[in-house]
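The structure appears right after this line, and notes come after that.
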Amino acid sequence: MAADVDHLTRSQARRLALRASGLDRPRPVRGAVPGGRALQQVVGRLGLLQVDSVNVLARAHLVPVYSRTGPWDVSALDRATSRAPRRLVETWAHEASLVPPTTFRDLAFKHAANRARVERRGDTLHGVPVGRSPEVAAVRRIVDEVGPVTARQVQDLLGGDGRRSGDWGWSWTDAKRALEHLFLVGELTTAGRNAQFERRYALPDRVLPPEVLAVPPPDQATARRRLVEVAARAHGVASLRCLADHWRTATAATATAVAELVEEGVLVPVQVEGWRGPLYRHRDATVPRRAHGRALLSPFDPLVWERTRTETLFGLRYRLEIYVPAAARVWGYYVLPFLLGERLVALVDLKADRRRGVLQVAAAHRAPGPAADPAAGAPGDAEVAHELARELRTAARWLGLADVAAGPEAVGDLVAGLRHELPGAEA
C-alpha cells in the first residue's frame, strides 16, 4: 500500500522549514544572555555548524546561533570545544563542521570514504602516497605524544623549514598537509582552536567523552539513518538532494536510508507546490499558522545551504560572491540574506569595522523575485528598511560595535531607506 502523501502550498512549506530551523518566531529581547545551553539547542536542532575562516563580519559558525537566539555569549563555544567533557568537536561533515561527539562516531563511514577518495586521486606528499608518507607517520606520532597541537607547533617539532612541495594541498607546510589529511580521514579531530583560530589537533580517543567512547560504533546503515533523520529534522521538508547535501554524503546510499526511514514512518512523502519531488517531511515537523521571525542569515546557514531549495521555497537565487571578481559581483562581497516573516526580503553586504567600532553597510538590496515582491504579499520597502535597521542595530551590539553606517559609497535600492531609519532605529 502506498504511503500517504501530504500536499503543501509553497507558503506552508516555507513556514514548516522555518519552524524546523528555529527561525519562525521572534527572538527573546530580555533576560540572561544566551550561552552554552542555547548553543547546544541550536546544534541539536541543526545537527552541526559549518566552520569557515572568513571573519569580515563574524566567524561563520557563530552567526547561525545569533540568528536564532539574538546576541549570545560566544565564549560558550570555547567551553564546548576546548574543555572536557567536550560537547562539540570538529570534523568533515558539510565541509569542516562542529558536530556533537556522537555524530563524529556516526561519520566514520564518511571518513572511510574520504580515505578511499584520496587513494583514488593518488594524492602524494613529496612523491609518496600521502597515507603512507613518512611525514604523515611522524605527525601521527607527534600528536599521539604531545597533542593537542597546532600545525605550527608540529612543524617546529618536525624540524626543517617546512618546505612546500606543491604536489598536493595549498601553500601549506608539510605538517599542515599531514595534519589535514589525518583530519580528513577521521584519524584526528580538534580540541578547540586557539586565539589565532588555529586548529588544536588531537586524537579522537583523547577528546571524545568517555561515555561516547564506551558505546560500540554503529554499523554504517544505522549511522546513515541517524544522520538522515538529523538532516530531515533540521530541514522539516526536503528533497533527497537536500538530505544528502546536509552531510555531503553519496546520493545512492542516502536514498537507501531515506527509503528505510519512510518504511519506518520517520519520513513522510510530501508534495509541495512548484517543487519537483520526491520530497519528504519529518513526521514531527509542523506548519505554524504564521512565521514572524526576523534574522540576518550567514551564507553558511543550513537554511540556505542548498541553493536549489532556497530558490524554490523562497524565490531567491542566491550565490556567495566572495570569490567573484569585484567588478562582476551583483550583491557584494559578504552578503547575508535578511529574513522577515516567512520571506527572504533583502540581501545586505556587511563588514565589521572593528577599529572604528562600526558595522558598515556596503550594499543593501531588495531581494529579487516574486517571493519578495510587495504585489505578492511581501512587505514594502519602507517596512523592510525599518526592520533591517533594527536588526543591524542588534547585530552591532552583539559584535561590540557602537554604530551602524551606510556610507556614501554604499549601493542598493534599500540604502536610502536605511539611512533614514538608522539614526532612530531601535535595537
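General remarks:
- Segment ALA326-HIS126, length gained on full extension (0.36 nm per residue, minus Cα span): 68.4 nm
- C-alpha long axis of helix 134-146 to longest principal axis of the chain, angle in °: 80
- Solvent exposure, largest accessible area first (probe 1.4 Å, DNA, RNA and ligands not counted), of GLU90, GLU229: GLU229, GLU90
- Structure-derived P(r) over Cα pairs in 20 Å bins from 0, in percent: which label, when the choices are (1) 24, 54, 21, 0; (2) 24, 59, 17, 0; (3) 19, 35, 26, 14, 5, 2, 0: (1)
- The listed residues ASP413, ASP373, once ranked by accessible area (1.4 Å probe) with the largest placed first, stand as ASP413, ASP373.
- Count Lys and Arg as plus one, Asp and Glu as minus one, and take only other residues whose Cβ is under 13 Å from that of ARG366; the net charge is then -4.
- Simple spin-label estimate for ARG83 and VAL56 in nanometres, 7 Å along Cα-Cβ: 3.4
- Using the Cβ-Cβ distance between ARG390 and ALA416 with R0 set to 22 Å, the FRET efficiency from 1/(1 + (r/R0)^6) comes to roughly 0.80.
- Hz values of 3J(HN,Hα) by residue in region 326-335 - Karplus curve (6.51, -1.76, 1.60), Gly and Pro given as x: 3, 5, 9, 6, 9, 10, x, 7, 10, 9
- Euclidean distance between Cα centres, region 170-236 to region 262-331, Å: 26
- Sequence of TRP305, TRP247 from largest to smallest accessible area, 1.4 Å probe: TRP305, TRP247
- Rounded to 10°, Cα long-axis angle of helix 36-46 versus longest principal axis of the chain: 90
- Euclidean distance of C-alpha centroids, region 32-106 and region 405-423, integer Å: 32
- Under Karplus coefficients 6.51, -1.76 and 1.60, residue-wise ³J(HN,Hα) of region 309-316 in Hz, glycine/proline x: 5, 4, 5, 5, 6, 10, x, 10
- Dipole magnitude for region 88-188: about 260 debye, using +1 per Lys or Arg Cβ and -1 per Asp or Glu Cβ, origin at the Cα centre.
- Solvent-accessible area, 1.4 Å probe, carbon plus sulfur percent, for region 244-301: 47
- Springs join every pair of Cα atoms under 10 Å in this Gaussian network model of the chain, and among ARG30, ARG45, ARG307 the largest mean-square fluctuation is at ARG30.
- Taking all protein chains together and rolling a 1.4 Å probe, HIS420 ends up with roughly 150 Å² accessible.
- Cα gyration tensor, region 13-55 - rounded (a/c under 1.5), prolate or oblate: oblate
- By the helix-only formula, in which each DSSP H run with n ≥ 4 contributes -39500 (n - 2.57) and the sum is divided by residues, the chain has a 222 nm mean residue ellipticity of -11500 deg cm²/dmol.
- Once the Cα gyration tensor of region 291-427 is diagonalised, semi-axes √(5λ) in Å: 22, 18, 14
- Segments 352-363, 212-223, 389-400, 263-274 sorted - mean Cβ within 10 Å per residue, highest first: 389-400, 352-363, 263-274, 212-223
- Spin-label pair ALA116/GLN41, simplified geometry with 7 Å Cα→Cβ offset, distance in nm: 4.1
- Between the helical axis of 108-121 and the longest alpha-carbon principal axis of the chain there is an angle of about 70 degrees.
- Among PRO370, PRO148, PRO71, residue whose mean-square fluctuation peaks in a GNM of the chain (springs only between Cα atoms under 10 Å): PRO370
The values are calculated or read from the model by the stated rules, or taken from the named source; none is laboratory data. Please read these numbers as outputs of a predicted model, since none were measured by experiment. Quick reminder, even Gly has a Cβ in these numbers, built from the backbone with ideal geometry, and neighbours come from all protein chains shown. Protein only, heavy atoms only, side chains kept; ligands, DNA and RNA dropped before computing areas. Shrake-Rupley method; radii C 1.70, N 1.55, O 1.52, S 1.80 Å.
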